[in-house]
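> Pasting a structure here, questions to come.
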């Protein structure tokens, strides 16, 4: 029997209300949250999971329950616009439609292998467009650097592993000119990457966050498994925890990749 799932929210993206999942490979873009999850070095806490109950109950059935705590910005997570824009939307106020869109995957893994401080250039973006067509309005641009293979080794992934010190980080990400083009000219919905920030590690002004936040563009950070996504044609569904007044939060992101 063919599996057909009704998912009205992504109808505008995929062009129909009935989504036949046998036609798509579903790819998990999310790192698991656990004690090894990486957070920004200045975070004073990490992910904590406390077991409240595990085992048989007096009534004879099995029951398990846990309590967890974590900063907003760590692991695979959302940056809401308010993270770097005073009047930006909080996590709970972002229209849910903005969490779903066509994926544009720009691969800079070759450049990043040569320089941990590489930043996506406008030329990189226009080269992608020459090969694949104009980036559509509302796209979720996903930057593949190859860095996710380093997860969760903090020194390798972040470039430094000194607790409380973010002054000597080195990893690739977006450059300012490319970000402004994507946000202003192409009016994308999100900037995502398989690194810890949509600004490169050595950034001191977080200009890409500023540009994105002021325009209401989402940040999707610490994504995984980008190597199996095509340059275009996939659909991203990136649903965060709905934290009231939050500046971000844990994210479960997936991609629907058409089967050939």
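> What are the pairs with Cβ atoms under 6 angstrom where one residue, in the stretch 35-49, is on the phi > 0 side of the Ramachandran plot and at pLDDT 95 or above and the other, located anywhere, is exposed (fewer than 14 other Cβ atoms within 10 Å of the Cβ) and assigned to a loop (DSSP other than H, G, I, E, B)? Sequence gap at least six, or different chains.
none
> Can you tell me which residue among 103, 113 is assigned to a strand (DSSP E or B), out of contact with any helix residue (DSSP H, G or I) (no Cβ under 6 Å at 6 or more places or on another chain) and under 17 Å from residue 226 (Cβ atoms)?
103
> Checking residue 169 against (1) in contact with a helix residue (DSSP H, G or I) (Cβ under 8 Å, 6 or more places away or on another chain); (2) closer than 19 Å to residue 74 by Cβ; (3) loosely packed, with under 15 Cβ neighbours inside 10 Å, which single condition isn't satisfied?
It is condition (3) that residue 169 fails.
> Checking residue 260 against (1) at pLDDT below 95; (2) in contact with a helix residue (DSSP H, G or I) (Cβ under 8 Å, 6 or more places away or on another chain), which test does it fail?
Against the list (1) at pLDDT below 95; (2) in contact with a helix residue (DSSP H, G or I) (Cβ under 8 Å, 6 or more places away or on another chain), residue 260 comes up short only on (2).
> If you don't mind, another one. Restricting the search to the stretch 182-223, which residues are in contact with a helix residue (DSSP H, G or I) (Cβ under 7 Å, 6 or more places away or on another chain), part of a loop (DSSP other than H, G, I, E, B) and either without any contact (Cβ under 8 Å) to a residue 12 or more places away in the chain or on the phi < 0 side of the Ramachandran plot (or both)?
188, 189, 194, 195, 196, 198, 201, 215, 217
> Quick one: which residue in 183, 141 is modelled with pLDDT of 95 or more, under 18 Å from residue 94 (Cβ atoms) and surrounded by 24 or more Cβ atoms within 10 Å (Cβ to Cβ)?
141
> Taking the conditions exactly as written (more than 20 Å from residue 117 (Cβ to Cβ), more than 15 Å from the chain's Cα centre (by Cα) and crowded, with 16+ Cβ neighbours inside 10 Å), does residue 215 satisfy them or not?
In short, yes.
The values are calculated or read from the model by the stated rules, or taken from the named source; none is laboratory data. None of the values given here were measured: they were computed from a predicted structure. Cβ: placed from backbone, ideal geometry, glycine included. Neighbour counts: every protein chain shown.
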